[in-house]
Protein chains: 2
Amino acid sequence: MVAPEQLAGSAVAVIDVLRATTTAIAALANGAREVLPCLTIEEAHKRAARFASGEALLGGERGGLAIEGFDLGNSPLEYTPEVVAGKSVVLTTTNGTKALLHCRAAAEIVLAAFVNLSAAAEFLSQAARKRGSSIDLVCSGTDGQVTREDVLLAGGLAAAIAAEGNWQLSDSAAIARDAWQQVSGTASGEELNARLLPALIASRGGTNLCGLGMQADIEFAAQVDRFSLVPRFEAQAQSIVVA
Amino acid sequence: MVAPEQLAGSAVAVIDVLRATTTAIAALANGAREVLPCLTIEEAHKRAARFASGEALLGGERGGLAIEGFDLGNSPLEYTPEVVAGKSVVLTTTNGTKALLHCRAAAEIVLAAFVNLSAAAEFLSQAARKRGSSIDLVCSGTDGQVTREDVLLAGGLAAAIAAEGNWQLSDSAAIARDAWQQVSGTASGEELNARLLPALIASRGGTNLCGLGMQADIEFAAQVDRFSLVPRFEAQAQSIVVA
């Protein structure tokens, strides 16, 4: 994994397709005021306790399952407008939250998933061009291992960014781009989603979710460009808001 | 990188396409008796000193360049039958040798490159089936970073192995296979080599070699299945011989 100090000054996308970044994007798209990422369940309780009753929701997972006493799990389908509009969501997940905090030295940190692929690519390339910085794509993975769903999105971002500017891809970005192009072909819209879905189901994260009966979450996560917003992580406030 | 103890009992391919494994395969194909990998220049001198005059050759590189006082560099083109037939080649390279010694707990360790892709895939799948073990593909990379040329070969091996048996691919193997298939398409023979060459030239290892004026080595390394032999690393004897 890339060392935290190597990300200093960079524009970074944090990727946890199944499911943390997909869920955070859905929550913000459906009107949540902010998402507050926490490493531990204890920290999540503490942060939620600072809010007046009814202003914050506790969400997250351990081992893919909802946490006892929490309002919500980690399924993007739970974060509907009726549930989250106007609320602060305190979210604790394993790999995605770790990856986010790992990146805190970066100049700009955004959350990316297939559901905001084009918007995230556009935002990253503008942010990096403005600063004259590099772009880093950080795949959360699972327990320190890369997972295919995250690398495929990194490849989608690399392809989109490279297509509209004179960017040089690192070897790992080029590998991810090749893998993405092999899966996506030249498809777009519903056809692209349909090509992506079996790859996500067969991935390590997808296999885990299918085992838990959560295939609907994978279908949600496979909707390329469903949203056009980009969540930005404010490292000082430890808060994710719409950029 | 995979921890040494995780490789215990496994059938492992060590990959350093540009250039250590390509060069070792060429040396053995051209009649070298054995290749003796050494981590340091000092160790290489010591091992070579145990041979009678004319029986051993010193080969290798530091920073891609030949080592002062050595007989040969690390270009596969130098290891011709006239030079190496009947000789023991003491070889010290940076990333490839490290990767090889990293794998010493494995049950079976072979060297793979594009020049012996099909033979290596066949050997690995037979060896693993016989032992009921897994197969691990270890990419040497450069200074701890993955390089595209090594991952593409890992993908070629994964595709070949999966095509003729009921193997389950890890997420990283599936990513490598996707990247390989994107580059190779359905090409074979000369057309496949021609598709592979620009990808190898653009890779991190390839860019370094082009900078040193060694593009001919990349062209050599891009010859898929030029040889059908598989070198096996005997960990106890610290020697690489034809399997």
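The values are calculated or read from the model by the stated rules, or taken from the named source; none is laboratory data. All figures in this text were calculated on a predicted structure; none of them were measured in a lab. Using ideal geometry, Cβ is built from the backbone for each residue, glycine included, and neighbour counts are taken over all protein chains shown. Calculation scope for accessible area: heavy atoms of the full protein, side chains included, ligands and nucleic acids excluded. Shrake-Rupley method; radii C 1.70, N 1.55, O 1.52, S 1.80 Å.
Before moving on, here are some points about what is shown:
- Charge context of B:Ala49, other residues only, Cβ under 14 angstrom, K/R +1, D/E -1: -1
- Per the Cα gyration tensor, the stretch A:7-81 maps to an equivalent ellipsoid with semi-axes of 20, 15, 14 Å, ordered largest to smallest.
- Cα-based shape type of the stretch A:32-145, given that a ≥ b ≥ c are square roots of the gyration tensor eigenvalues and the cut on a/c is 1.5: prolate
- Inter-copy separations for A:Ala163, label at 7 Å along Cα-Cβ, nm, ascending: 2.9
- Cα gyration tensor shape of the stretch B:155-243, rounded if a/c is under 1.5, else prolate or oblate by comparing a/b with b/c: oblate
- Residues whose amide H comes within less than 5 Å of that of B:Ser134, counting only those at least five positions distant or on another chain, are B:Ala11 (H built at 1.01 Å from N in the peptide plane).
- Amide H contacts under 5 Å for A:Ile109, placed H, 5+ residues apart: A:Val12, A:Phe233
- Excluding the site residues themselves, the longest part of chain A lacking any GluC sites (Glu not before Pro) in a DSSP loop with at most 11 other Cβ atoms within 10 Å is A:69-163.
- For A:Asn208, the label point sits 7 Å beyond Cα toward Cβ; its separations from the matching points on the remaining copies run 3.4 nm, from shortest to longest.
- Between A:Gly73 and A:Gly60, the built amide H atoms are under 5 Å apart, and every one of these is 5 or more places off in sequence or on another chain.
- Under the Karplus curve 6.51 cos²θ - 1.76 cosθ + 1.60, θ = phi - 60°, whole-Hz ³J(HN,Hα) for the stretch B:186-200, x wherever Gly or Pro sits: 10, 5, 9, x, 4, 5, 5, 4, 5, 6, 6, 3, x, 5, 6
- The angle between the Cα long axis of helix A:148-163 and the main principal axis of chain A comes to about 50°, on a 0 to 90 degree scale.
- ³J(HN,Hα), Karplus 6.51/-1.76/1.60, whole Hz, each residue of the stretch B:71-88, x for Gly, Pro: 6, 9, x, 10, 8, x, 5, 6, 8, 7, x, 4, 8, 9, 4, x, 9, 8
- Sequence-separation-based contact order of the stretch B:48-199, relative, with Cα cut under 8 Å and 6+ spacing, percent: 14 percent
- Modelled FRET efficiency - R0 51 Å, A:Gln238 with B:Leu77, Cβ distances, 0.05 increments: 0.35
- 3J(HN,Hα) from dihedral phi, the stretch B:89-98, Karplus parametrisation 6.51/-1.76/1.60, rounded to Hz, x for glycine, proline: 9, 8, 10, 10, 10, 7, 6, x, 5, 4
- Using only alpha carbons, the stretch B:89-243 has a radius of gyration to Kirkwood radius ratio (Rg to Rh) of 0.94.
- Choice from A:Arg47, A:Arg177, A:Arg19 with maximal GNM fluctuation in chain A (Cα, 10 Å cutoff): A:Arg47
- Look at the stretch B:164-176: the mean tally of other chain Cβ atoms within 10 Å of its residues' Cβ atoms is 5.
- Take each residue of peptide B:195-205, count the partner chain Cβ atoms within 10 Å of its Cβ, and average: the result is 1.
- Counting only DSSP H runs of at least 4 residues, each contributing -39500 (n - 2.57), and dividing by the residue count of chain A, the helix-based mean residue ellipticity at 222 nm comes to -13000 deg cm²/dmol.
- Accessible surface, per residue, of the stretch A:194-243 when the full set of protein chains is kept, probe 1.4 Å, Å²: 46 Å²
- Prolate/oblate/rounded label for the stretch B:135-192 (Cα gyration tensor, a/c 1.5): oblate
- Rg followed by Dmax, in Å, when the protein assembly as shown is reduced to its Cα trace: 24.8, 86
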